[in-house]
Amino acid sequence: MVLHLQKRIEVNLGTRGNLLGQSVAIEFHSTTLSNGLTILAECDPDVHTSAIGFFVKAGTRDETLPEMGVSHFLEHMMFKGTAKRTADEVNQEFDDIGANYNAFTSHEKTVYYAHVLPEYLPRAIDLLGDMLRPALREKDFTMEKKVILEEISMYDDRPQWRLQDTLLEKYFGDHPLGYRVLGTVDSINALTATQMQSYFEHRYCPDNIVVTAAGQIDFDQLVADIEKVAGHWKPTGATRDLTPPAICSGETALTDATLNRHYLTFICPGPSASDETRYAATVLADVLGDTDGSALYWALIDPGLADEADISHIGQDGVGCFMAYASCDPKRAEQVKTVLFNVLSQAASTITASQVQRTKNKLATSATLHGESPSGRMRALGGQWLALNQYIPLAQEVERLMAVDLDEIQELLAGHPFSNSHLMRLGPQ
């Protein structure tokens, strides 16, 4: 089969010893088919599994208000069968090859993946490729709509999710970053199969998809297998509207008499996914709000003021934020709020170099452990390419993370001082 390749990149990541003491090279390869589909792979002959993922640059951020929730709904429909396979056959074939497979949708992407033994990689590619050209039958759409509505109800019963969804709506206003990934009861009830078909045809195009693989990979065979299932897909030139949101700061209080806990969440601007300060932001958030041993842990959880408290950095396409969360007894709500803001406002003067070093060590260990799995590297490659259109080896990522120092943290806090924020509270009164 003739492959139409527009570009090809190969990077040697260095070597490591295998069980025989020989040197084994880990290589990165990248190529783009003539229809715009990008294929990436980290090939490591010293591992025993292979992971493959189709990363579609289509998420809640790419929806219009009337079709809110269509990205996630469409993810469900990918498992409902194709022209070649029924829904049962899709799942049965994944089970037959022993795949660890699934999919997920976020504000910025929808991902379909499988982790298999190397001999079953071609079958996994054929399955995933076929899935991404679903039948989208009206009767399946009608039935799955009930499942989506049940899922919305389930998350509405979880205070922390209800609080987060409402916070994003308030903070981002009418920008799609404030839309709910699941949609709302009203938007899903109003959504039609025709709207979904139109969204699918525009956004699930090869020039809007990146296929990533990691582990024991024969790259030439990988490209041939992907070309076979996706080489005929037609590009549409889909793009993302990167208009920045007009964020809304302030404070909102919600009440629910059925609750017996008080919940609060906080959001403020932070570095985007492509901002070089994202590394410092990751370290800062962990120093302040990791679930164990962080500033919020010692200030709120250890003394028994709150049962949960954390803060994280979320980097997105051209936008970023810090989000904090805590839950406590309603009687301690004001005290927890005060302590939380004290920890954040005093961060510049209280964080120490030893805290930064300890956190970097922990994050580097976590990143390396994750990166030792083909599935972990596959996900990292896909997310990285969608955000940066760039490949960064794991060793380089860890090296950059370990280079963060107290001065860089201080500079970050000077530029992002936890201001222009929105606080939201939810409790029984």
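The table for this structure:
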| item | result |
| --- | --- |
| Test: residue in the range 302-321 that is modelled with pLDDT of 95 or more, of a type in the set (D, E, K, R) and more than 26 Å from residue 260 (Cβ to Cβ) | yes |
| Tabulated pairs, the range 122-150, first assigned by TED's automatic domain parsing to the domain that holds residue 182 and on the phi > 0 side of the Ramachandran plot, second surrounded by 14 or more Cβ atoms within 10 Å (Cβ to Cβ) and aromatic (Phe, Trp, Tyr), C-beta under 8 angstrom, 6+ apart or interchain | 136/200 |
| Condition broken by residue 244, with the remaining ones in (1) farther than 22 Å from residue 168 by Cβ; (2) not in a helix (DSSP H, G or I) satisfied | (1) |
| Qualifying residue in the range 171-191 (condition: in contact with an Asp or Glu (Cβ under 8 Å, 6 or more places away or on another chain), over 14 Å from residue 71 (Cα atoms) and in a helix (DSSP H, G or I)) | yes |
| Residue within the range 418-425 that is touching a Leu at 6+ places or on another chain (Cβ under 9 Å) and basic (Lys, Arg) present | yes |
| Residue tally, condition on the phi > 0 side of the Ramachandran plot and either surrounded by 13 or more Cβ atoms within 10 Å (Cβ to Cβ) or not polar (S, T, N, Q) (or both), over the range 385-402 | 0 |
| Tally of residues being under 13 Å from the mean Cα position of the chain (by Cα) and touching a residue at least 24 places away in the same chain (Cβ under 8 Å) across the range 379-396 | 7 |
| Filtered residues of the range 260-315 (kept if among the charged types (D, E, K, R) and assigned to a helix (DSSP H, G or I)) | 278, 286 |
| Test: residue in the range 231-241 that is within 23 Å of the chain's Cα centre (by Cα), among the aliphatic types (A, V, I, L, M), under 30 Å from residue 145 (Cα atoms) and not assigned by TED's automatic domain parsing to the domain that holds residue 39 | yes |
| Test: residue 166 is surrounded by 16 or more Cβ atoms within 10 Å (Cβ to Cβ) and either touching a Phe, Trp or Tyr at 6+ places or on another chain (Cβ under 8 Å) or without any contact (Cβ under 8 Å) to a residue 12 or more places away in the chain (or both) | no |
| Of all residues in the range 1-37 being buried (at least 18 other Cβ atoms within 10 Å of the Cβ) and within 22 Å of residue 373 (Cβ to Cβ), the one that is modelled with the lowest pLDDT | 26 |
| Matching entry among 124, 114 (being modelled with pLDDT of 95 or more, in a helix (DSSP H, G or I) and crowded, with 19+ Cβ neighbours inside 10 Å) | 124 |
| Candidates 281, 273, filtered to the one that is closer than 23 Å to residue 405 by Cβ and surrounded by 21 or more Cβ atoms within 10 Å (Cβ to Cβ) | 281 |
| Single condition residue 331 does not satisfy, out of (1) in contact (Cβ under 8 Å) with a residue 12 or more places away in the chain; (2) over 22 Å from residue 215 (Cα atoms) | (1) |
| Selected residue (only one of 155, 179, 171 is of a type in the set (Phe, Trp, Tyr) and touching a Phe, Trp or Tyr at 6+ places or on another chain (Cβ under 8 Å)) | 155 |
| Residue list for the range 218-265, restricted to those being closer than 30 Å to residue 309 by Cα, out of contact with any Cys (no Cβ under 9 Å at 6 or more places or on another chain) and not β-branched (Val, Ile, Thr) | 244, 245, 246, 248, 250, 251, 253, 254, 256, 257, 259, 260 |
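The values are calculated or read from the model by the stated rules, or taken from the named source; none is laboratory data. Computed from a predicted structure; not experimentally measured. Here Cβ is always computed from backbone atoms with ideal geometry, including for glycine, and neighbour counts include all displayed protein chains.
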